[in-house]
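So the structure is just underneath, and the comments pick up after that.
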Amino acid sequence: MALTVLKLGGELLEDSARLGGIAAAIAGATEPLVVVHGGGREIDAALKRAGIAKRQVEGLRVTDAATLDVVVEVLAGAVNTRLVAAIVSAGGRAVGLTGADAGLVPVEKAPAHRSVDGTITDLELVGHPIGEGRPALAADLIAAGYIPVVASIAGDTNGVLYNVNADTLSAHLAARLGAARLVIAGGTPGVLDENGERIEALDLVAASALVSSGVASAGMIAKLTACRDAITGGVEEVLLVEGREGAVLARALEGSQADLPATRMVAVLEARAGSNR
């Protein structure tokens, strides 16, 4: 059966009423599923309460030691536990994890980030996944009928914890697990063009053009980069979908794309492939 990796943006997990529908869609999935989640807004709120300034560059959080403590508390604690409990309540066999568990997603310190405008930024305690091969813990849980739910935190070989962008981590896991599909669910209906209209389909060339032209900015750059990494890693397609409604999310997990508020991304669109023949 084809495996899907689902990345949930943190904005989808804040409303308890909405969370029930999302959990039901996950619990009702008929094919193997791995869930990766973020928690950006809740992290922002916790940082504000702690008097710690938020710093981001092109959707990536600059993470010093104080910020990392908050990230771990929010993601591995509140958000992950709440999501796992909701899925279990809906009938799913969810297991809460982080990338550090059993070395699920080994990382190293991410290199300095070069922005589209050429600015170089040290992201500090942000991790870059370096794992190879099929991750045993996730594979074993999937084979036993469980749904791994992974908070986007991971550790290096020295036991140092790092914040990992959830889009990046989901793409990495999708490639290593040989997933057929990566579904990135958030609060917007896919990728938008310069007029704010949804783009129905993209390939690697078109996605790169969106970034270089400045049409894609902030968090969308990180998402498109993750999409590229997933596809070049062997994932057949990526679906970027508006995931606030459980019924819409359920259709995306089933592979149905008719009338979905989503953008489909593949390596090469058929029209482009045809023009190169």
* **Solvent-accessible heavy-atom area per residue, rounded to whole Å², over the chain at 1.4 Å** => 44
* Taking the chain and dividing mean pair separation by its residue count, relative contact order in percent (alpha carbons under 8 Å, at least six apart) -> 24
* To do: Write down the percent of antiparallel bridges among all DSSP beta bridges whose residues are both part of the chain, to the nearest 5.
  => 35
* Per 10 Å bin, what percent of the C-alpha pairs of the stretch 93-236 does each bin hold, from zero upward? -> 11, 38, 34, 15, 2
* Structure fact -> Per the C-alpha gyration tensor (a ≥ b ≥ c, the square roots of its eigenvalues), the stretch 67-106 is rounded if a/c is under 1.5, else prolate if a/b beats b/c, else oblate; here it's oblate
* In whole angstrom, note down how far apart the Cα centers of the stretch 170-210 and the stretch 37-114 are. => 21
* Hey, any idea what % of the stretch 120-200's accessible area is carbon plus sulfur with a 1.4 Å probe? -> 48
* To do: Let me know the volume per residue of the alpha-carbon convex hull for the chain, in Å³.
  => 132
* Asked: If the stretch 95-157 were replaced by its equivalent ellipsoid, with semi-axes equal to the square roots of 5 times the Cα gyration tensor eigenvalues, what would those be, largest first, whole Å?
  -> 29, 11, 10
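Between residue 212 and residue 16, what is 0.36 nm times their sequence separation minus the Cα-Cα distance? Round to one decimal in nm.
Gain in length upon complete extension: 66.8 nm.
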* Would you mind telling me the share, in percent, of accessible area of the stretch 1-100 contributed by carbon and sulfur at probe 1.4 angstrom? => 53
* Structure fact -> For the stretch 133-277, the dipole about the Cα centre with charges only on Cβ (Lys and Arg +1, Asp and Glu -1), to the nearest 20 debye, works out at 260
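The values are calculated or read from the model by the stated rules, or taken from the named source; none is laboratory data. This one's a predicted model, so the numbers in the text were calculated from it and none came from an experiment. Heads up, the Cβs are rebuilt from the backbone with ideal geometry, glycines too, and the neighbour counts pull from every protein chain shown. Protein only, heavy atoms only, side chains kept; ligands, DNA and RNA dropped before computing areas. Shrake-Rupley method; radii C 1.70, N 1.55, O 1.52, S 1.80 Å.
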